[in-house]
Amino acid sequence: MYEREFMLRDMSNALFASLPRRDQRHKGEQYLRGLLTAKGRRSIRNVAACLGDPTLEQTLHHFICNSTWEWQPVREALACWLGQVISPQAWVVRQMSIPKSGRHSVGVGRSFDLYRNQMFHGQQAFGVWCASEEAAAPVNWRLVLPEQRGEEEGTPSGASGGRYSDHTVESPEECATTAALEFAGLHGAPLLPVVLDLPVRDPEALVRRFGAAGVPVLARVGAGARFTVEEPALARFGTGPLPVQRILDSVKGRRQRVGRFDPSAPSGVRHAAAVKVRVGLPGGTHVLRDAREGGLALLGEWEEQHRAPTQLWLTNMGSVPTSTLLSLTRLADRVGRDLADHGDRAGLRDFEGRSLRGWHCHMTLASAAHALEALTAGRRQEEGYFPKVS
C-alpha cells in the first residue's frame, strides 16, 4: 500500500508543480485519485462520489471544464516522470475510438476504427504513448475534428478550447502526425523515435514533416505503396517506383529469422522472418535527416514463410539494424495490450462534457491514472489501494 501511495504522491508532486494555485494542485490530486478509485464510468459525478463528498462534483466540474490551468505542462511533466520510471524506447502513436450515442460532444462523427476494421459513431482520438517493453502510458492526445460540426455555446466546435482554439480540420493521418511532432520535440521530454501504428497513405508528406523536424520515425504502410529501390545489389530493378509487394518478394532470400514475445503462443515466443531494404520516394523528395539514421528503408515481416508479409513499415532510420527496428514495432503491441487492460479503468473514454478544453484536461489526468494503473497492475486487490485524500 505504502509503495503505491508513495508513487501517487510522487507523480502528483511532479505533475501539478506547474499549476499556479495550491487549490488547483489539490483538486488535481483529488481528481487523479478519484479516477483510480471510482467504480464504473469515470464521470465527474462518479469521481466526486467515490471521494466521499458528492458536493465536490461542481468543484471538480469547474476544475476540468472551466479552470484556467494549462494541461500541456502537466503532460510534459508526466512524460518526464515516466521517462525516469520505465526507461521508454519510443513514442507510439495509436488511434483510440470513443463511441458516443449523441452528437453534441466535440469531435463526434462517423469514423473508421483501424483495429476493429469497422465504422463507428463517436470521437476519434490519437494518443502519443510513452512505451517500453514493460509498460506504456499516453502522454499526449489530439482529437480529429470532423468538418462542419455543430456549435458549442455559440462558437464553432472546439473554439473554446483554449490553447487549441486554432485546432484545424485534419485527416486522421495528419492528426496523428501532428500529435507526435508537437510532443516529440518538447524540451525536457526524452528524444525518442516515433512509431506510427496506422497505415500511412502519403509517405512523401510523412517523410517531409518528420525529416524537417529531425525526428526518427517508423510508420506502417499499405501493400499498395510504391517506392524506388536504392540497394546497389538490386540495381536490376532500375530507377522507377515499384509496389511494396514486388520489392519484398525480390529480397526474400535475405530474410532473418526473429522471435517476438507473444503471450498467446505456447512458448510465449512467436517466430517470424524479416528483411530490410533501402528505398526512395517516387517523387525524389529530399530527405532531411540526421546523418546517423541513413535514409529510408522498407521493413517487411512474415509470420509464415510462403505467404505475403504481415507487417509493412517505412522508416527514415535506414542504418539502424533490423532487429532494433523490429523491437520498436513490438512496442505497438505493448501499447495495444496496456490500452485494453487499463484504458477503461483509467477513464480514457469517459469524459461526458462538450468542450474541447474539458476533454483535454480530463484526458491529461486520465493518462496519469492509466500510468499508475499500468505500473501497479496485479496489486489492485490489496487493502488500501490508493486511499482517499480529503
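The values are calculated or read from the model by the stated rules, or taken from the named source; none is laboratory data. All of these numbers come straight from a predicted model, not from anything done at the bench. Neighbour counts are summed over all protein chains in view; Cβ atoms, including those assigned to glycine, are modelled from backbone coordinates with ideal geometry.
General remarks:
- Considering each residue of the stretch 50-60 in turn, none proves to be under 14 Å from A369 (Cβ atoms), within 26 Å of the chain's Cα centre (by Cα), assigned by TED's automatic domain parsing to the domain that holds Q84 and in a helix (DSSP H, G or I).
- Which numbered condition R42 misses (of (1) in contact with a helix residue (DSSP H, G or I) (Cβ under 6 Å, 6 or more places away or on another chain); (2) among the basic types (K, R); (3) within 21 Å of R345 (Cα to Cα); (4) not in a loop (DSSP other than H, G, I, E, B)): (4)
- Residue count for the stretch 49-64, restricted to those that are among the hydrophobic types (A, V, I, L, M, F, W, C) and at pLDDT 95 or above: 3
- Looking only at the stretch 263-285, and only at residues there that are β-branched (V, I, T) and at pLDDT 90 or above, the one that is farthest from P241 (Cα to Cα): V275
- Within the stretch 174-204, the set of residues being part of a helix (DSSP H, G or I) and under 12 Å from L314 (Cβ atoms) comprises P203, E204.
- Meets criteria (at pLDDT 95 or above and under 24 Å from V217 (Cβ atoms)) for S367: yes
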